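Heads up: the structure comes next, in structure tokens.
The values are calculated or read from the model by the stated rules, or taken from the named source; none is laboratory data. Given the structure is predicted, the values throughout are model-derived calculations rather than measurements. Positions of Cβ are backbone-derived with ideal geometry, glycine not excepted, and every protein chain shown enters the neighbour counts. Surface areas here come from the heavy atoms of the whole protein model, side chains and all, with no ligands, DNA or RNA. Shrake-Rupley method; radii C 1.70, N 1.55, O 1.52, S 1.80 Å.
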Amino acid sequence: MKLRIGAIADPGTSIVNRTGGWRSEKPLIDHSLCIRCFNCILYCPDSAVKYSEKEGIYFDYDFCKGCGICANECSGRAIYMVMEEK
Amino acid sequence: MGVYRFEGGDTVKNLFVSGHRACAGCGMAIAVKLILEAAGEDVIVVSPTGCLEIVSSPYPETSWRVPWIHSLFENAASVASGIEAGLKALGRKHEAKVLAIAGDGATADIGMGPLSGMFERGHDITYICYDNEAYMNTGVQRSSMTPPGASATTSPAGKVSFGEIHPKKDLASIAVAHGVGYVATASVGYGLDLMRKVRRAIDHDGPSFIHLHTSCCTGWRHPSSKTIEISRLAVLTGLWPLYEVVDGEITDVKRLPKRLPVEDYLKTQGRFSHLFRMEGGEEIIRRIQAIADANAERFGLDLEG
Ligand SMILES: Cc1ncc(C[n+]2csc(CCOP(=O)(O)OP(=O)(O)O)c2C)c(N)n1
Ligand code: SF4
Ligand code: SF4
Ligand code: SF4
Ligand SMILES: [Mg+2]
């Protein structure tokens with residue numbers, strides 16, 4: 001690999017590294033229980049919890065490592081973890 | 001001073017992007033994401049060698065969407081000082097604030113001298129020490145921030161040892177003694193409080209210092225889902241008091257309606273498990289409780305006396 005001067009990398013390029021493959025459990029959500037406190041977004045170490053007006057809370061499984069923090073911190077107990085099947 | 005508001009929803013800036021290699025459930029990764037969320041884009045960040053640098057910058061990739069530079073293990077404060085002095089000399093200080101985000105080993109052990117110099121020279125830098133209480137990146141060796149009773153690979157619990165014996169260095173007081181105008185403790189378990197303090201530290205002119213407690217599920221040995229809960233327990237037991245020191249005066253202490261016994265924190269982590277198994281462990285737990293009691297006394301943590 002050729003090093004650029006100062007070993008400069010372009011911003012945000014770790015996005016090519018799909019960490020979803022690390023997962024053994026994955027989060028699911030029961031939307032009817034979500035109170036939109038956004039704890040899940042606040043505390044996800046991998047920025048894998050997303051939100052849109054239309055879809056509500058959803059997960060980016062390309063990057064979710066399955067740590068379970070979002071489920072543990074969910075105020076509405078809307079998020080739960082299930083064994084990943086591949 | 002600025003107040004930070006977390007709108008949540010789809011407004012997040014995501015300046016520390018996905019794809020980083022931190023362990024699942026890493027407290028430091030959460031903290032760094034929140035620091036940048038509060039700091040915004042107009043910052044230049046320096047990190048020394050340690051987990052943060054390793055997980056975020058395997059060349060040619062980087063997880064940073066703000067300018068970021070890796071110093072040596074020992075000199076993040078010196079490199080940050082140079083950047084700040086350079087911006088000043090070029091008349092470009094208004095363009096970016098300088099941030100150093102460094103581990104406990106890099107800060108309290110090998111980088112203590114450079115940090116002291118940075119404070120002394122009065123650079124306009126926000127220095128944040130993320131304290132996961134050991135040298136995690138090289139395999140959980142003890143640092144001067146490893147708490148008493150914790151087992152680390154160089155202070156292992158065993159037949160004749162209960163693990164670490166020395167108290168944690170009081171980093172906040174060291175910063176205050178240098179006359180640093182804004183000093184705070186923070187915890188990844190209190191994300192909004194952390195972001196508010198980051199904003200205040202950045203808006204403060206001159207050096208500011210945040211001592212930030214971040215659980216490391218790998219080194220502390222607890223389930224990855226418990227990172228936030230356990231970080232909060234450190235605060236709720238009085239082992240990690242949250243407070244600010246503005247111009248030498250302690251302000252804004254987080255008070256506790258009902259302080260929990262330290263066992264509630266210790267029993268959640270493998271690094272303390274020997275204290276509950278070994279003969280004589282209760283005595284060490286009593287001493288750890290005494291540390292929490294002294295904190296409560298010093299900072300007035302208990303809402304009801
Ligand atoms: C001068 C020097 N000594 C030792 C090392 C090896 N080393 C790399 S990271 C590290 C420990 C980092 O600990 P800390 O600052 O607490 O960060 P953490 O990994 O816990 O996030 C050590 C000892 C080094 N890179 N440079
Ligand atoms: S399981 Fe962990 S990585 Fe996955 S979305 Fe929840 S908090 Fe994020
Ligand atoms: S933490 Fe739970 S209740 Fe809060 S926004 Fe996320 S899914 Fe909804
Ligand atoms: S070893 Fe600890 S601090 Fe380092 S990436 Fe893993 S969880 Fe984070
Ligand atoms: Mg460390």
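Shielding value for A:11-24 is 6, the average number of Cβ atoms from other chains within 10 Å of each residue's Cβ. Among beta bridges from DSSP that stay inside the protein assembly as shown, the antiparallel ones total about 45%.
Solvent-accessible surface of chain A, taken per residue with a 1.4 Å probe and all protein chains present: 58 Å². Taking all Cα pairs closer than 8 Å and separated by 6 or more residues, the relative contact order of chain B comes to 17 percent.
Let a ≥ b ≥ c be the square roots of the eigenvalues of the Cα gyration tensor of region B:138-228; is it rounded (a/c under 1.5), or, if not, prolate (a/b larger than b/c) or oblate? Note, shape of region B:138-228 comes out oblate.
In region B:62-86, comparing the full protein assembly with the chain on its own, the residues that lose 20 Å² or more of accessible surface at a 1.4 Å probe are B:62, B:65. Set Lys and Arg Cβ to +1 and Asp and Glu Cβ to -1, take the dipole of chain B about its Cα centre, and tell me which of B:243, B:188, B:100 lies farthest positive. Positive-end residue among those listed: B:188. Counting protein heavy atoms only, the protein assembly as shown has 55 percent of its accessible area on carbon and sulfur, 1.4 angstrom probe. Summing both sides, the accessible surface hidden between B and A at a 1.4 Å probe radius is close to 2900 Å².
In this model, which of A:2/B:93; B:169/B:258; A:50/B:168; B:33/B:226; A:86/B:267; A:86/B:226 are farther than 29 Å apart at the alpha-carbon? Where the Cα-Cα span goes over 29 Å, the pairs concerned are A:2/B:93; A:50/B:168; A:86/B:267. Of the residues making up region B:178-226, those losing 50 Å² or more of accessible area when the isolated chain is joined by the remaining protein chains, with a 1.4 Å probe, are B:225. Taking the Cα centre of region A:20-83 as reference, the dipole from Cβ charges on Lys and Arg (+1) and Asp and Glu (-1) amounts to some 80 debye. How much of the DSSP beta bridge set in chain B is antiparallel, as a percent to the nearest 5? So the antiparallel bridges in chain B amount to around 30 percent. With the biggest extent put first, the Cα atoms of region B:17-119 measure 41, 30, 26 Å across the principal axes.
By the Cβ-Cβ criterion of under 4.7 Å, the unpaired cysteines of chain A are A:34, A:37, A:44, A:64, A:67, A:74. Placing +1 on each Lys and Arg Cβ and -1 on each Asp and Glu Cβ, with no other charges, gives region B:116-245 a dipole about its Cα centre of roughly 380 debye. Sorting B:87, A:33 by solvent-accessible area of protein heavy atoms yields A:33, B:87, largest first, with a 1.4 Å probe. Does the protein assembly as shown come out rounded, prolate or oblate by the C-alpha gyration tensor, with a ≥ b ≥ c the root eigenvalues, rounded set by a/c under 1.5 and, if not, prolate when a/b is larger than b/c and oblate if not? Rounded, since a/c falls under 1.5.
For region B:9-299, a simple Cβ point-charge model (Lys and Arg +1, Asp and Glu -1, everything else neutral) yields a dipole of about 520 debye relative to the Cα centre.
Using heavy atoms of the protein chains and a probe of 1.4 Å, the accessible area assigned to residue A:79 is about 10 Å². Take the Cα radius of gyration of chain B and divide it by 2.2 N^0.38 Å, N being the number of residues; the result is 0.97. Membrane-span-like helices in chain B, defined purely by DSSP H runs whose alpha carbon atoms cover 15 Å or more axially and whose average Kyte-Doolittle hydropathy reaches -1.0, are B:27-39, B:76-89, B:191-203, B:281-299. For residue A:38, the accessible surface of its heavy atoms amounts to roughly 30 Å² (probe 1.4 Å, protein chains only, rounded to the nearest 10).
For region B:16-45, accessible area lost to neighbouring protein chains reaches 40 Å² or more, against the chain alone with a 1.4 Å probe, at B:18, B:19, B:20, B:21, B:24, B:30, B:33. Site pair residue A:84 and residue A:58 shows an inter-label distance of 1.9 nm when each label is modelled 7 Å from Cα along Cα→Cβ.
Surface analysis of region B:20-177 yields an accessible area of 36 Å² per residue, using protein heavy atoms and a 1.4 Å probe. The accessible-area ordering, largest first, of the residues B:197, A:54 stands as A:54, B:197, per a 1.4 angstrom probe. The 3J(HN,Hα) values that the Karplus relation (6.51, -1.76, 1.60; θ = phi - 60°) gives for region B:268-279 are, in residue order, 7, 10, x, 5, 10, 4, 4, 5, 9, 10, 7, 5 Hz. Gly and Pro appear as x.
Counting, for every residue in A:61-67, the Cβ atoms of other protein chains within 10 Å of its Cβ and taking the mean gives 5. If I ignore ligands, DNA and RNA and count only protein heavy atoms, how much of residue B:199 is accessible to a 1.4 Å probe, in Å² to the nearest 10? About 50 Å², rounded to the nearest 10. Each of B:45, B:256, B:224 was scored by the projection of its Cα onto the charge dipole of region B:9-299, and the greatest displacement toward the positive side belongs to B:224; charges sit on the C-beta of Lys, Arg, Asp and Glu.
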